[in-house]
Amino acid sequence: MRISVIVPTYNERENLEELFNRIQGALEGHDYEIIIVDDDSPDGTWQFAQGLGERYPVRVIRRTEEKGLSSAVIRGFREASGDIFVVMDADLQHPPEVIPKLLRAIENGADIAIASRYVPGGGVKNWYWYRKLISRGAIMIGRLALPRIRNVKDPVSGFFALRREVVEGVDLNPVGFKILMEILIKGKYGKVAEVPFTFGLRKAGESKLGTRTMLNYLRHVYRLMRWEGELDRLVKFTLVGLSGVLVNESFLWLFVSDFGWDKILANVPATELAILNNFTWNDLWTFKDIRRKPLWRRLLTFHMAALTGAVVQWLIYAGLVYMGLYYLISNLIGIVVSFAVRFIVNRHVTWG
């Protein structure tokens with residue numbers, strides 16, 4: 001099978017010769033091409049790559065109108081002639097020596113093979129603590145917001161291989177630079193494999209991580225949630241929750257005013273009726289397309305999620321009040337966090 005190694009570049013001139021030499025060594029005996037998609041680098045990366053084409057099987061695409069890593073990868077997909085696409089950066093943080101392992105995973109039945117930092121044997125070199133926190137936080141957000149990728153340990157990796165069929169005919173239009181996440185949500189595939197690798201040190205060039213990149217990542221997750229229908233699900237869950245507030249208040253008023261029950265004790269059945277109301281509507285409306293477990297298990301887990309949310313709300317409320325924050329603001333923050341916890345538990349556990 002022919003292999004197309006797609007490398008988006010911007011100011012990576014100093015890395016290219018070593019990169020090409022190592023790719024050549026890793027793919028010795030394979031039929032392959034290297035596709036450089038360069039965003040008109042001021043350091044002349046595209047021009048230098050063309051010069052190296054005398055020694056290596058390189059094709060250079062110089063873009064003067066478009067910008068962005070993900071769109072560069074998509075352009076590479078369109079131009080590639082291979083049966084297998086390999087996507088990697090030019091900064092040598094993605095060691096070309098891992099490519100044969102990705103190809104073996106494809107040969108063994110995977111449709112997508114990811115070079116992963118977060119499976120046993122993988123890791124990163126000399127990252128500051130905040131960089132690790134950002135990376136882990138981005139992955140957690142993606143896996144929670146997009147259930148289809150929740151079992152992928154490194155869905156934001158920029159180093160991966162896939163069969164051509166995975167993206168053929170697929171409308172890829174990502175914001176930011178996490179093209180793999182877009183493929184994992186929209187692509188046509190069955191099996192994903194993750195191959196451990198150590199994310200190396202940058203040799204030259206400029207880091208792509210910045211505030212704009214992080215904001216684009218959040219926009220990307222938001223758009224994928226809309227595409228997957230998860231945003232609609234969140235809205236439905238919110239509306240059901242508001243109906244539960246109405247049920248709770250109405251029955252509490254009825255039990256106290258008409259039945260003469262104790263105000264403290266009356267809150268217990270009123271709360272349970274609100275929980276049953278919320279469960280019923282969520283089961284019939286919000287999550288009806290993903291019901292898998294027996295009814296009794298869904299109902300039990302829903303109660304546990306409600307209890308967990310209540311505990312989280314109280315702990316946050318008590319902690320913030322203890323630190324001196326105004327009690328109503330503390331309660332509001334607790335409610336918001338509790339809502340998020342309950343939605344996540346119900347989406348991934350009750351109806352997951």
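The values are calculated or read from the model by the stated rules, or taken from the named source; none is laboratory data. In this text, all values refer to a predicted model and were calculated from it rather than measured experimentally. No Cβ is skipped: glycine too gets one built from the backbone with ideal geometry, and neighbour counts run over all protein chains shown. Surface accessibility is based on the protein's heavy atoms, side chains included, excluding ligands, DNA and RNA. Shrake-Rupley method; radii C 1.70, N 1.55, O 1.52, S 1.80 Å.
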Check: Among the residues of the stretch 278-287, which ones are part of a helix (DSSP H, G or I) and open to solvent by less than 30 Å² (accessible area, probe 1.4 Å)?
Finding: 278, 279, 282, 283, 286
Next item on the list: Would you mind stating whether residue 216 is of a type outside the set (Asp, Glu), at pLDDT below 90 and surrounded by 14 or more Cβ atoms within 10 Å (Cβ to Cβ)?
Entry: yes
Margin query: Out of everything in the stretch 90-132 that is at positive phi and open to solvent by 30 Å² or more (accessible area, probe 1.4 Å), what residue ends up being modelled with the lowest pLDDT?
Written below: 126
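Specify the residue that is farthest from residue 93 (Cα to Cα); the eligible residues are those in the stretch 133-143 that are surrounded by 16 or more Cβ atoms within 10 Å (Cβ to Cβ) and touching a residue at least 24 places away in the same chain (Cβ under 8 Å). Let's see the steps before the verdict.
The initial filter retains those residues of the stretch 133-143 that are surrounded by 16 or more Cβ atoms within 10 Å (Cβ to Cβ), namely 134-135, 138-139, 142-143.
Imposing the further condition that a residue be touching a residue at least 24 places away in the same chain (Cβ under 8 Å) reduces the set to 134, 138, 142.
Details: 134: 18, 138: 19, 142: 23 Å.
The qualifying residue farthest from residue 93 (Cα to Cα) is 142.
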Note to self: Just the residues that are more than 29 Å from residue 346 (Cβ to Cβ) and in a helix (DSSP H, G or I), please, taken from the stretch 111-153.
What the structure shows: 129, 130, 131, 132
Note to self: If a residue must be surrounded by fewer than 18 Cβ atoms within 10 Å (Cβ to Cβ) and touching a helix residue (DSSP H, G or I) at 6+ places or on another chain (Cβ under 6 Å), how many such residues does the stretch 151-192 contain?
What the structure shows: 4
Margin query: Given the criteria more than 20 Å from residue 163 (Cβ to Cβ) and either in contact with a Ser or Thr (Cβ under 6 Å, 6 or more places away or on another chain) or assigned to a loop (DSSP other than H, G, I, E, B) (or both), does residue 93 qualify?
Written below: yes
Check: Considering the stretch 322-338 alone, what residues qualify as being open to solvent by 60 Å² or more (accessible area, probe 1.4 Å) and either in contact with an Asp or Glu (Cβ under 8 Å, 6 or more places away or on another chain) or assigned to a helix (DSSP H, G or I) (or both)?
Finding: 322, 327, 328, 329, 332, 333, 335, 336
Notebook entry, point to check: Are there any pairs, at least 6 apart or on different chains, whose C-beta atoms fall under 8 Å, with the first in the stretch 251-280 and closer than 22 Å to residue 310 by Cα and in contact (Cβ under 8 Å) with a residue 12 or more places away in the chain and the second basic (Lys, Arg) and open to solvent by 60 Å² or more (accessible area, probe 1.4 Å), and if so, which?
Noted result: none
